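Right, one structure below, let's go through it.
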């Protein structure tokens, strides 16, 4: 059972500035001085668009937090008389890196791993399939159950692993899923087998029966993100890289 | 019956707090004085829950006759209201585009005076964009009033407004007030195990195509510099 929640951000970056933006935003999230002794939310993952499917260019940040931590952060950001001056300074000095964005708060499915779980299993990849799906009211819970039961075992046969599977707070029709492939060849084989592998075909039949709308984007990890590399991940702290 | 204009304004750079300050201190007093238009709220969209940077502004007029008078008095503003034209141009530094909705209230939606009298106020606004199945918005509003409103009030949510778009069939807007951030956190933590809310959410498909919620806040004047 994953006890966390996740802040998911889709960023309209200034074209070509995706990596500097992701490093910059990580630095402000990791700034201990802003936290008044509270633990900083950890970077669950930072990614940028690969440009092969879905909107580009852009970046996606996912931060691991709790309801208490997020409520505290928002109160500090919007209503604390002392003000979050470090965030204000960062916001106004980095306008050349990003233009806007769209955020969601994600509630993990029971089987969705924490960042610590991903670290423990050495999760990494070169290509990540990120999907936001609109389902009939009441269907998201079943969709995530089917995702775990049907898709994950089949996808693992092609080298894809689960990174996250979520409900979306205050948006009852939406789910968001994220899977990673260690190599692009794994991702290609997974796509190639959609119609020929009986398990994948069954999954896609189920999907076609209930998905009203889908927004996919294929991502690559930020160069500083532990998900980017299998070689040096154990040396990489989660929140302190510039 | 009051009518409303609801604006969602895309902010340039770090202009969010500055635009809210300008609306509160100059724009709204001018519209109230010259045209009788009342500011219900100028709120910062909480970027962690939706589109950013963005400001939402909600205006109230007495009825369609008042709406007509107020717009006739403003447009074209270069001729009819040069003070407003100057404000509009000064605000270009903070915003250059936005999207507005003309809204009609439901019968159970409080107006600004009624909301003030009942002390409907709080730090956090839950903003719900409603998209109904064809022909189902009225049925949704009836169920919202009869079934969901009591559940919401039991959980401390106060209805600020429930509206139908005047021009787009099936489009609506709900605005709820939450006491503060701790109230929101309590609601979010409790929702997964709340059987009544779960049952209501399961039924939304009877009326709705989609329901999209995000948060907005009415920041104090000194707290927002982004």
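Tabulated data
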{"quantity": "Ranked B:77, A:22, criterion: other C-beta atoms within 10 Å, fewest first", "calculated": "B:77, A:22"}
{"quantity": "Whole-angstrom gap from segment A:1-23 to segment B:158-178, using each part's C-alpha centre", "calculated": "31"}
{"quantity": "Over segment B:76-207, relative contact order from alpha-carbon pairs under 8 Å, at least 6 apart, %", "calculated": "30"}
{"quantity": "Crossing angle, helix A:67-78 versus chain A [Cα axis fit, 0-90 degrees, rounded to tens]", "calculated": "50"}
{"quantity": "0 to 90° range, to nearest 10: angle between helix B:181-190 axis and chain B longest Cα axis", "calculated": "30"}
{"quantity": "Which of B:211, B:173, A:219 has the fewest Cβ neighbours within 10 Å, and the rest in rising order", "calculated": "B:173, B:211, A:219"}
{"quantity": "Computed over chain A: relative contact order in percent, which uses C-alpha pairs under 8 Å that are six or more apart", "calculated": "28"}
{"quantity": "Between segment A:78-127 and segment A:155-211, the Cα center-to-center distance that results, in Å", "calculated": "23"}
{"quantity": "Fewest-first sequence of A:114, B:226 by Cβ atoms within 10 Å of each Cβ", "calculated": "A:114, B:226"}
{"quantity": "Cα gyration tensor, segment B:37-116 - rounded (a/c under 1.5), prolate or oblate", "calculated": "oblate"}
{"quantity": "Helix-only mean residue ellipticity at 222 nm for chain B, each DSSP H run of n ≥ 4 adding -39500 (n - 2.57), per residue, nearest 500", "calculated": "-9000 deg cm²/dmol"}
{"quantity": "Rounded to 10°, Cα long-axis angle of helix B:64-74 versus longest principal axis of chain B", "calculated": "30"}
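Just so you know, all these numbers are worked out from the coordinates, no wet-lab data involved. Since we're looking at a predicted model, the values are computed, not measured. Methodologically, a virtual Cβ is constructed for each residue, glycine included, from the backbone with ideal geometry; neighbour enumeration extends over all protein chains shown.
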